[in-house]
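FYI, it's all coordinate maths here, none of it is from the lab. Just so we're clear, the structure is a prediction, and the values are computed from it rather than from any experiment. Please note: Cβ atoms are built from the backbone with ideal geometry, for glycine as well, and neighbour counts cover all protein chains shown.
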Amino acid sequence: MSSGSDILQTDAPPSQPAEKLCAFKPDLLLSEDHHLCPGCGEPIAVRMMLEAIKELECSRRAVGVIGIGCYTALTGIIDTDLVQALHGRAPSVATGTKRMLPNGLVYTLQGDGDMVNEGLQEVIHSAARGENITCILLNNGVFGETGGHMTASTVVGQRTKNTIDGRDAKEHGQPILISEMLAQLSGTAYVARCGVFNASQTVHTKRILRKAFQTQLDGKGFSFVEILTMCPTGWFVPVPEGPDYLENVLGSVHKLGELKCE
Amino acid sequence: MELEIMLTGIGGQGVQLGAQVLAQAAALEGREVMYLGTYGGTMRGGNTDSTIVIADSAISTPPMVSKIGAALAMHHEFWRDIEGKLRPGASVVLNSTVFEREVDAEGVNIYQVPATEIATELGSPVSASMVLIAAYASLSGIVKLESLIQEMTQSLPSYRQQHVQLNERALRAGYQALDANLAPCWSQTEVAP
Amino acid sequence: MTQIKSRGTVNIATERCKGCELCIPVCKPEVLRMSTNRNKLGMRYPELLPGCTGCTACLLMCPDFCFEVYRYQEPILHEVDV
Amino acid sequence: MTRVLMEGSEAMAKAAIAAGCRFFSGYPMTPFTETLEYFGKHLPDVGGVSINAESELEAIGMAWGALATGARAATGSTGQGLALMQESLSEITRAELPLVYFNMARGQGDYYQATRGGGHGDYRNIVLAPIDVNEAVELTQLAFYLADLWRNPVQIYGDYLLAHTNETVEISTMEFPPLPPKDWAVDGSLGGTGKSRNINPIGMSKLKHEIEPEAFWRRLHVKHKEIEQAEARYEEEFLEGAEMLVVAFGTVARFVRYVVREMRSEGIAVGYIRPITLWPFPYEAISNAAQNTQKVAVLEQNGGQMIDDVRLAVLGSAPVVALGGFSSDEAGFGIGPIHGTDNIRDRIEHGLAGQEVMP
């Protein structure tokens, strides 16, 4: 449509009068620099989370308990108080933190390998206990950090390093749909699944995160947000195809929506 | 001075309660006390015994004792385990209503108290262990009767408070069953208050 | 020559860009495209053509925080070759 | 404050509360259960929290989270349960959080676990091994102080007899020197200021993308060396003129001390030394004592674990003989013939005759 000469200058703020709608980074991020892969969905989800905390005016009371995964690299730039937990153990650590800090907004950030594999009992028990915390799952269906291995939420047919021809239910079993599992428990007050595969879903993700945090602020009990995130590196798909793969392959099994809202 | 006392009997005879009341009464009187109850897996009918060490300064004796200065036996069933541990000069108080065995130990002083019979006459055989500990308290002066009564009341769980009066009668009767100071365990000046 | 209206614009931190291209398809007015040049990381990066609406979709989908989004007080008109 | 008769497990829990412990999480297991019960019953009275966790893994995780807020917090189990907690123990050590944890062990077979640990990497936990309930009450309070002072976990190593023996004790809050403020604790208040905190076991800090494991580990190592210098504690009796020195710890040492006192009163030249801290181990005290004796005996209720440390202390200056061994009841709770002064005396007499005792 346009030729090369039409390229606008974008290396500085505009010189004409203009309103800044959005800064490079959310206020609760210390720096834009990180080492996650191109096309990764996790920084997008973390941006939404930090914006939700800021919008709820909880910047000065939020404490994050962080699991082990690629997103752990972001702990160097997340500007809320943090406690680094072991792989899978964040919900228990968050339990102790919240009990001693009842006015804090206590959240966990975990991946599917962390939460649905290693720490499955922790999240289930914390949910069943109705612990007044918000657990956030970044679900990309692989162990991204080790290079793309199968997790308990890898969908059937999905290629991973150890299911190179696709997850075969006969050999590798079926994925765990963690949101559905947690929604059944009477201790959970809010459960929703969303994804960051396009702009409107990303905005919706923030809306869901706000509702989950509000659930905690209202003292209603355990709130849970599962965010489907891209991992083109771990999926062995071309980077630009990540969002489509997420929506159509993972999203068709881990279906989006609010599963519980009390 | 460190005095090791063992109580023995069959589960359900009140051995643990008796030991607890005796131990607590000594603590109430400012003594150093250590006590450990051991019993079989069942509530009633199994082996039950309890070790108490009462002292006038920090206790050196470990919780499982090899030698004992006094034995209170509610029943003969598990008596053999205890007999060999008696020190020369030890006081042995037997529930003579049901204790049907010879005491095979040299140089010990045996006192027969028909504890179950006394308790039954007072209303119920379950308070026999109160009779026995009070009888021992009387002959040894280890604790005062009032201390036993106070700690018995404290030690009974809320659902057994209806037994307080019966147990108090049993303690008083036991205290009368043997002459006071037959075998004093503290020096006379200490017993006085 | 024709006129294209830009209601908004972006400031792009091209040196941070890892070239994932997620911003390209989410741009509804289709005014982002990948560069032919490469940045210091060796990556192609997005370039802006006239017609930006300031919708923030690019920013929302950028994992590397490369976009800052502005809305002009008055739309800017660009003269472009058709 | 008067002295009251209390069961060991309850007395330790009460001492912990007196020391300011406000959070406890645990999973029931004999003989640790009564400790958990006491916290559950009495922590709410002081505004504290006690959680009956769904597993040991979760129990220690919860304590970790509570510690991060600056609260004095504790957990515990038996050695079996602590085996499940090992991963967290090494991480909490690295996160420099002041955890206090109880091992109501089923005997003394957890010596290696307590002093070497089964966790990953280079880490050390202070281990206090009380001889009786009175000392346990003091050491429990000391544990919270040492944990805060060094920002390092402290274990209290007890057993069935310590947990279940009743003793007259006095429990009142002990005085310790002032501690630095816990400015590292999270409360959320620094969010968005650029100075938010990160309690982190791998040395990662804000605005640094790379960790520096070597520098981090070296710093911890230096701290652990300082603890070794500062905190070794022991008790000794009758070292003067002792022909043989008996080393024992915890409840077994109570039997050993009793027998050694008895034998000394009979004129038998036996001495006694007891590590109160299993780590740091009182190497120097034992090394010095070994210079003036003909042999050193180790009497522990296991197949021979502390004997390694005794050998390291003695370093060949006297023969080291093993007099300990396995000893348990049928349930495996770790009460056995070794908990008898006759049995202990027999073992010590073997030692005096130059004979080892097969475990």
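Summary table
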item: Sites matching GluC sites (Glu not before Pro) across the stretch D:202-278 that sit in DSSP coil, with at most 10 neighbouring C-beta atoms within 10 Å; result: D:E210, D:E240, D:E266
item: Residues C:T53, D:T75, sorted so that the one with the fewest Cβ neighbours within 10 Å comes first; result: C:T53, D:T75
item: Lysine pairs with alpha-carbon atoms under 19 Å apart, chain D, spacing 8 or more or separate chains; result: 6
item: Ratio of the Cα radius of gyration of the stretch D:4-169 to 2.2 N^0.38 Å, where N counts its residues; result: 0.90
item: Within-15-Å neighbourhood charge of A:K211 [Cβ basis; K, R +1; D, E -1]; result: 0
item: Only Lys, Arg (+1) and Asp, Glu (-1) charged, at Cβ; chain B dipole about Cα centre in debye; result: 340
item: Which of D:A74, D:G324, D:G40, positive extreme of dipole for chain D (C-beta unit charges); result: D:A74
item: Prolate/oblate/rounded label for the stretch A:10-63 (Cα gyration tensor, a/c 1.5); result: oblate
item: Helix axis angle, D:213-231 relative to chain D longest principal axis, alpha carbon, degrees; result: 50
item: Dipole axis of chain B (+1 Lys, Arg; -1 Asp, Glu on Cβ), positive-most option in B:P62, B:L166, B:I5; result: B:L166
item: Neighbour cut-off at most 12 other Cβ (10 Å), DSSP loop, trypsin sites (Lys or Arg not before Pro), the stretch D:153-250; result: D:K195, D:K208
item: Rounded if a/c under 1.5, otherwise prolate or oblate - chain A, Cα gyration tensor axes; result: oblate
item: Stretch in chain B that is longest and holds no GluC sites (Glu not before Pro) that DSSP places in a loop and that have at most 12 other beta carbons within 10 Å; result: B:1-99
item: Computed magnitude of the charge dipole of chain A (debye, nearest 20; Cβ of K, R +1, Cβ of D, E -1); result: 720
item: Column: log10 I(q)/I(0), Debye, Cα scatterers of the stretch B:1-145, q = 0.11, 0.15, 0.17 Å⁻¹; result: -0.35, -0.68, -0.89
item: Neighbour net charge for A:G234 - beta-carbon separation under 10 angstrom, K R +1, D E -1; result: +1
item: Theoretical ellipticity at 222 nm over chain B - DSSP helices of four or more residues, -39500 (n - 2.57) apiece, nearest 500; result: -10000 deg cm²/dmol
item: Whole-Å semi-axes of the ellipsoid equivalent to the protein assembly as shown (Cα gyration tensor, √5λ, descending); result: 70, 29, 22
item: The stretch C:2-80 shape via C-alpha gyration tensor axes, a/c threshold 1.5; result: prolate
item: The stretch D:234-352: radius of gyration over Cα atoms, expressed as a fraction of 2.2 N^0.38 Å; result: 0.98
item: Radius 15 Å from Cβ of C:L41, net charge of other residues (Lys, Arg +1; Asp, Glu -1); result: 0
